[in-house]
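Engineer: Before I ask anything, here is the structure I am working with.
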Amino acid sequence: MLIKEVCRVCDLTKKAVEYYEQQGLIQPQVLDNGYRDYTDTGISVLKEISVLRKCGLGVQDIRVILDSNDKTVALARYKRLNELKMQKLKAAQDCIDDLIKNYDIEGGFRHLREFDEECLTVQEKLVLAFPGNYALYLSLHFGRFLREPIKTEEQRMAYDKIVDYLDNAAAFIPDELADFMEQAIQLNENVDMEKYEDAMNLLMEEAIRDPDAYFRKLKVEEYIACRTSEEFRQSPQGKMTDLITQFRKNSGYHDVFIANLMILSPAYKAYCERLEAANAVFLERYPQARAIYGMG
């Protein structure tokens with residue numbers, strides 16, 4: 001079925017269908033004449049996407065549901081997160097009402113603190129704890145794995161270790177790297193970070209899901225040659241890369257932050273395992289890339 005008919009059957013615009021294809025949610029067959037041919041399966045997926053979108057789900061949540069072995073469980077998780085959002089909004093409204101009647105900051109502080117412990121997601125807790133650069137970094141790189149509240153004592157201990165790490169990590173950041181990060185944040189102030197995060201996540205998911213296809217699209221040899229060249233090492237980008245590597249090594253980034261993040265989020269642990277498997281394929285195919293990671 002061609003796109004014009006697909007739009008009619010699924011009650012979608014052409015732009016919407018094209019967008020879902022760009023996001024990797026559907027994969028129509030491209031005919032010799034350049035037209036896209038949508039199978040019955042593709043039509044069903046588009047109808048599924050349409051229903052979920054009208055229920056308020058974003059692209060990232062829809063991707064999780066489409067890939068899930070148990071879609072009802074995945075959708076129930078989304079419903080629970082929605083309920084948490086509504087509870088948080090109500091708690092905020094109640095607090096505002098109380099403040100209007102009697103501007104009691106101590107009472108509002110106690111009320112919201114108790115609520116935060118039970119209902120805030122890990123992402124929200126971290127963003128509130130670390131505004132500014134940290135919040136942007138955490139949201140961009142890890143946000144999609146931290147959208148659940150803390151449920152176990154083991155997770156609570158892992159969260160406390162992460163907070164302690166983040167609170168003290170700045171001492172390991174060289175001034176040059178701190179200035180670079182600040183400039184990067186300023187450049188991204190007007191960027192739609194949700195769309196940027198979606199784009200980055202899609203790129204990583206493509207690489208993990210089908211490494212062969214990803215490698216075919218990427219000019220891997222040219223990339224490796226560039227990253228291992230003396231010119232790159234002496235460039236501002238190369239120097240920043242070295243500083244970031246040294247920061248992660250000296251601050252305990254992998255041993256403390258990443259290790260506890262995997263305890264805090266089973267979804268992140270599963271993602272890391274998939275990423276390691278894809279990276280093993282990459283290094284087996286391109287052993288010269290080991291130099292990029294300082295593996296010799």
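Engineer: For R227, which of the numbered conditions (1) of a type in the set (D, E, K, R); (2) at pLDDT 80 or above; (3) surrounded by 15 or more Cβ atoms within 10 Å (Cβ to Cβ) fails to hold?
Structural biologist: (2)
Engineer: Based on this model, can you work out whether I49 counts as surrounded by 11 or more Cβ atoms within 10 Å (Cβ to Cβ) and touching a strand residue (DSSP E or B) at 6+ places or on another chain (Cβ under 8 Å)? Even if it seems obvious, please write down each step before you answer.
Structural biologist: On the way: surrounded by 11 or more Cβ atoms within 10 Å (Cβ to Cβ): yes; touching a strand residue (DSSP E or B) at 6+ places or on another chain (Cβ under 8 Å): no.
No: the conditions fail for I49.
Engineer: Among the residues of the stretch 138-169, which ones are touching a Phe, Trp or Tyr at 6+ places or on another chain (Cβ under 9 Å), at pLDDT below 75 and surrounded by fewer than 19 Cβ atoms within 10 Å (Cβ to Cβ)?
Structural biologist: L140
Engineer: I need the full set of residues from the stretch 26-42 which are in contact with a helix residue (DSSP H, G or I) (Cβ under 6 Å, 6 or more places away or on another chain) and either surrounded by fewer than 18 Cβ atoms within 10 Å (Cβ to Cβ) or closer than 21 Å to T72 by Cα (or both), in order please.
Structural biologist: Listed by number, the list holds a single entry, I26.
Engineer: Moving on to the next point. Of the residues that make up the stretch 80-90, is at least one free of Cβ contacts under 8 Å to residues at least 60 places away in the same chain, under 30 Å from A129 (Cβ atoms) and in contact with a Leu (Cβ under 6 Å, 6 or more places away or on another chain)? Walk me through how you get there before you give the answer.
Structural biologist: Within the stretch 80-90, the first condition is being free of Cβ contacts under 8 Å to residues at least 60 places away in the same chain, and the residues that meet it are 80, 82-83, 85-90.
Filter once more, keeping what is under 30 Å from A129 (Cβ atoms): 80, 82-83, 85-90.
Narrowing the set further to residues that are in contact with a Leu (Cβ under 6 Å, 6 or more places away or on another chain) leaves none.
Within the stretch 80-90, none of the residues are free of Cβ contacts under 8 Å to residues at least 60 places away in the same chain, under 30 Å from A129 (Cβ atoms) and in contact with a Leu (Cβ under 6 Å, 6 or more places away or on another chain).
Engineer: If you don't mind, another one. Mind checking which helices (runs of 4 or more DSSP H) fall wholly inside the stretch 1-89 and carry at least 3 residues that are closer than 27 Å to E148 by Cα and of a type outside the set (G, A, S)?
Structural biologist: Working: elements: 3-10, 14-22, 40-54, 59-67.
Ranges flagged: 40-54, 59-67.
Engineer: Restricting attention to the stretch 250-268, does a residue exist that is assigned to a helix (DSSP H, G or I), over 23 Å from the mean Cα position of the chain (by Cα) and exposed (fewer than 15 other Cβ atoms within 10 Å of the Cβ)? Reasoning before the result, please.
Structural biologist: Initial filter on the stretch 250-268 (assigned to a helix (DSSP H, G or I)): 250-251, 253-264, 266-268.
Going one step further and asking which of them are over 23 Å from the mean Cα position of the chain (by Cα), we end up with 250.
Now restrict to residues that are exposed (fewer than 15 other Cβ atoms within 10 Å of the Cβ): 250.
Within the stretch 250-268, one or more residues are assigned to a helix (DSSP H, G or I), over 23 Å from the mean Cα position of the chain (by Cα) and exposed (fewer than 15 other Cβ atoms within 10 Å of the Cβ).
Engineer: Which one is surrounded by the most Cβ atoms within 10 Å (Cβ to Cβ) among residues in the stretch 55-93 that are at pLDDT 85 or above and of a type outside the set (A, V, I, L, M, F, W, C)?
Structural biologist: R63
The values are calculated or read from the model by the stated rules, or taken from the named source; none is laboratory data. What you are looking at is a predicted structure, and each value in this text was computed from that prediction instead of being measured. We place every Cβ from the backbone using ideal geometry, glycine too, and count neighbours over all the protein chains shown.
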